[in-house]
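Down below is the structure, laid out as C-alpha cells.
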Amino acid sequence: MSDKPKKGIKFLNRDAVKYIAIFFMFWGHLFSWTILMSDVNNMISDPYALMPLWMNIVSHASLLCPPIMFFFIADGWKYTRDRRKYALRLLIFACITQIPDWLVFMPRYGWRTANVIFTLLFGLLAIMAWECKIKLPLRILLIAGCAGATYLISSDWEIFGVLLILFLHIYRDRPTARFIAYTATALVWKGLAVVWQVLGGTLDGAAIFNDTLDFVFVMLGFAVMTLFYNGKKGRHPVFAKWFFYIFYPVHYLIIWVVGVFGTVRHIDRF
C-alpha cells in the first residue's frame, strides 16, 4: 500500500500560508500579552481567564504559527541553496528579535527567555546533524545538544520545537509516519504541561479547556500544511520572506508599546 500523500484541497501557496500564520500570531500575542503587561504587580497567572471566549480562542489560535514555521524550516533544508547562509540569517534575526522579546517578557520572566527564532535555528542545525556523514550515535548526540540548547536558553518551544522540525524532515515523504511522530510529540508536549499543573495544584476545568485549545491549534497548523499547502511560491516570495523576518520583531515592539500604554492607563486609575 502506497504511503504517498493524497491530493487535498491544496490552494494555499507559501506566501498565503505565512500571512495566515502571522495574522493569528499577532492578534493572539497582542490579546494575551497586553493583559499580562498591564498587570503591574504580576498577580495574573492566567490571562485567558480575563478574556471573553472569542478572544481566548483567537489568542490560542496564535499556535497555528509555530507548526507552519517548523514545516518551512524542514522545507528550507531541501530547497535552500546555501544552508549555512540560511542558518546565519536565522541567527542574525534571532539576535535582532531578542531585544523586543526582552522588552515584552523581561518584566515578568526576567532575562532568561529567548525567542522562537532560536528554536528554528537549532531545529535547522538538528537537521544538518542528522544529514551529516558521521556515525548515528554521534548524530543523536548532536541533535540532543541542539534540543538541550533551547532548554538552556529557554527559547519558545524548547526541546519540542527541535524534535518537531526534525521529525517533519525525516518523515517528509512518509505522511503516515510524519503524522504519528508529530501527534505523539505534541501529545507529550502538552501532557508534560498537564503533569506540571497537577503537581502544582493548578489543574482545573479552565486549564483543561486551555490545554485542549493548545493541542487543537497545534494540530490545525499541521493540517493546514498537510492538506492545503500546495508547495508553490507566491507571487512575491522574496518580499514575503523578508516581511516575516522583519514583522516578527516588529510585532513584539507593537505589543510592547500597546502594553506600556495600557500599563500607564492602569496606573492612572489609582
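What follows is calculated from the coordinates using simple rules that are stated; it is not laboratory data. Quantities reported herein were computed from a predicted structural model and do not represent experimental measurements. Positions of Cβ are generated from backbone atoms using ideal geometry, with glycine treated the same way; all protein chains shown enter the neighbour counts.
What is the distance in Å between the Cα centroid of the stretch 228-252 and that of the stretch 172-212? With the stretch 228-252 and the stretch 172-212 each reduced to a Cα centre, they are spaced 28 Å. Relative to the first principal axis of the alpha-carbon coordinates of the chain, what is the inclination of helix 136-152, with its axis defined by its Cα atoms, in degrees from 0 to 90 and to the nearest 10? Value to nearest ten degrees: 10. Using only Cα atoms, tell me the angle between helix 237-268 and the longest principal axis of the chain; keep it within 0 to 90° and round to the nearest 10. Compared with the principal axis, the helix lies near 20 degrees.
Ranking of 150, 119, 212, 113 by neighbouring Cβ atoms within 10 Å, starting from the fewest: 212, 113, 150, 119.
For the cross-link pairs 10/133; 85/133; 18/78; 85/135; 190/232; 78/135, the ones whose C-alpha atoms lie over 30 Å apart are 10/133; 190/232. The convex hull drawn around the Cα atoms of the stretch 93-198, when projected onto a plane and averaged over every direction, covers 8.0 nm².
Angle of helix 14-37 to the longest C-alpha principal axis of the chain, folded into 0 to 90 degrees and rounded to 10: 30°. For the chain, adding -39500 (n - 2.57) for each run of n ≥ 4 DSSP H residues and dividing by the number of residues yields -25000 deg cm²/dmol at 222 nm. Taking every Cα-Cα distance in the chain and sorting them into 10 Å bins from zero, the calculated P(r) comes out as 6, 27, 37, 22, 7, 1, 0 percent.
Ordering 157, 130 from the fewest to the most neighbouring beta carbons within 10 Å gives 130, 157. Of the peptides 58-64, 90-96, the ranking by mean beta-carbon count within 10 Å, highest at the top, reads 58-64, 90-96.
With the contact rule set at Cα under 8 Å and sequence spacing of 6 or more, what percent relative contact order holds for the chain? Walk me through the numbers before you get to the answer.
On the way: 314 pairs, mean separation 90.3, N = 270.
This gives 33 percent for the chain.
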